[in-house]
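Remarks on the structure that follows.
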Amino acid sequence: MRVLVTGANGQLGKDLCPLLEATGHTVLGTTRKTPESSVDVVDFGSLSACFERFQPDAVIHSAAHTNVDDCERNPDTAYLVNALGSWNVATLAGGANIPLLYVSTDFVFDGKKRTPYTEYDTPNPLNHYGASKLAGEKHTRELCRKHFIVRTSWLFGAQGMNFPRRMLELAQTRKELTVIADQIGSPTHTYDLAKVLTALLTSSHYGTYHVSNNGECSWYQLAQKTLEFAGVQGVNVRPIRACDWQSPTLRPTYSVMRNLALELQGYPALPSWEEALQAFLLRCNGNF
């Protein structure tokens, strides 16, 4: 299968593209910043020309504007990339009648539940990032019949900046880290996510999926476990409330998701977030 992957230079793309190739697919990974594969999903002409050249059999759309605070400060940019960009991708994939897998987020939910969200819960985003990603879901559903919408959360991968890596970097120069303790979610290793995306791509069970590592924790607990598993000593992690953290963005206090659609179809359970974090640290091999 010839698979076009947008956002190939992101931490998910860097795990996803090699895994797709290892399973026998021909992959074109695109990004706005790599000259030989430069494609801006906002530019319909550029994207259309890429489809024409590569003739993909399927598309994984992971390109997005993911800086949540910047999305809040500049909502037009958020909707330009996350909504219009997805509109463009879905238009072309739908027109070619090929499967489209759109990577979405737990931020489509408002966090008012205290039990894990399933695919059957109604989204209600609190911020422009979540709303713009939900708009991308809408365009995907409306314009491409053969679609997968995969919501995931709190990503960390061996390549790219993420929360565990940032904690380990800060721990090299600080004796105390202040971390939010009243926001709960499901950390997800990009490698585990990439394996599920690869499996879904060859199925015909189109629809909406939640894909995150099992279990839940706060950012504070994730920071603690990151330092513990990495063997970092002498650094105190101090819990704070989200309202004490300077940010323009209102975030869900509880965005844990249950992978119900995967469970119903008999997919094996993903590892716990603790197991995933340990695997991530082994892959990084101390390179922070």
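Confirm whether Ser132 is part of a loop (DSSP other than H, G, I, E, B), buried (at least 22 other Cβ atoms within 10 Å of the Cβ) and either modelled with pLDDT of 95 or more or in contact with a Pro (Cβ under 7 Å, 6 or more places away or on another chain) (or both). No: the conditions fail for Ser132.
Residues that are farther than 30 Å from Lys138 by Cα and among the aromatic types (Phe, Trp, Tyr) within region 208-244 comprise Tyr220, Phe229, listed in sequence order. Taking the criterion of being of a type in the set (Gly, Ala, Ser), touching a residue at least 40 places away in the same chain (Cβ under 8 Å) and open to solvent by 30 Å² or more (accessible area, probe 1.4 Å), the residues of region 60-101 that qualify are Ala64, Ala96.
Exactly one residue out of Ala135, Ala181 is over 22 Å from Asp70 (Cα atoms) and among the small types (Gly, Ala, Ser): that is Ala181. Cβ-Cβ distances below 7 Å connect the following pairs, each with a first residue in region 135-151 that is over 21 Å from Thr202 (Cβ atoms), a second residue that is open to solvent by 10 Å² or more (accessible area, probe 1.4 Å) and among the hydroxyl-bearing types (Ser, Thr, Tyr), and a separation of six or more residues or different chains: Ala135/Tyr79; Leu143/Thr91. Please indicate, with yes or no, whether at least one residue in region 137-149 is among the aliphatic types (A, V, I, L, M), closer than 23 Å to His61 by Cα, open to solvent by less than 10 Å² (accessible area, probe 1.4 Å) and at pLDDT 95 or above. Looking for residues that are among the aliphatic types (A, V, I, L, M), closer than 23 Å to His61 by Cα, open to solvent by less than 10 Å² (accessible area, probe 1.4 Å) and at pLDDT 95 or above, one finds at least one in region 137-149, hence yes. Put simply, of Thr105, Thr122, Thr77, Thr31 the only residue that is touching a helix residue (DSSP H, G or I) at 6+ places or on another chain (Cβ under 8 Å), within 30 Å of Glu216 (Cα to Cα) and not charged (D, E, K, R) is Thr105. Just one of the numbered conditions (1) more than 17 Å from Gly10 (Cβ to Cβ); (2) open to solvent by less than 30 Å² (accessible area, probe 1.4 Å) is not true of Ala158: (1).
Does region 20-29 contain any residue that is without any contact (Cβ under 8 Å) to a residue 24 or more places away in the chain, open to solvent by 20 Å² or more (accessible area, probe 1.4 Å) and within 19 Å of the chain's Cα centre (by Cα)? Scanning region 20-29, I find no residue that is without any contact (Cβ under 8 Å) to a residue 24 or more places away in the chain, open to solvent by 20 Å² or more (accessible area, probe 1.4 Å) and within 19 Å of the chain's Cα centre (by Cα), so the answer is no. With respect to Phe51, determine if the residue is open to solvent by less than 30 Å² (accessible area, probe 1.4 Å) and over 19 Å from Tyr129 (Cβ atoms). Spelling it out, Phe51 is indeed open to solvent by less than 30 Å² (accessible area, probe 1.4 Å) and over 19 Å from Tyr129 (Cβ atoms).
Listed conditions (1) without any contact (Cβ under 8 Å) to a residue 60 or more places away in the chain; (2) open to solvent by 20 Å² or more (accessible area, probe 1.4 Å); (3) more than 22 Å from Ser247 (Cα to Cα) are all met by Val41, apart from (2).
The values are calculated or read from the model by the stated rules, or taken from the named source; none is laboratory data. This structure is a prediction, so every number in the text was calculated from the model and none was measured. Cβ: placed from backbone, ideal geometry, glycine included. Neighbour counts: every protein chain shown. Note: accessible area is taken over every heavy atom of the protein model, side chains too, but ligands, DNA and RNA are not part of it. Shrake-Rupley method; radii C 1.70, N 1.55, O 1.52, S 1.80 Å.
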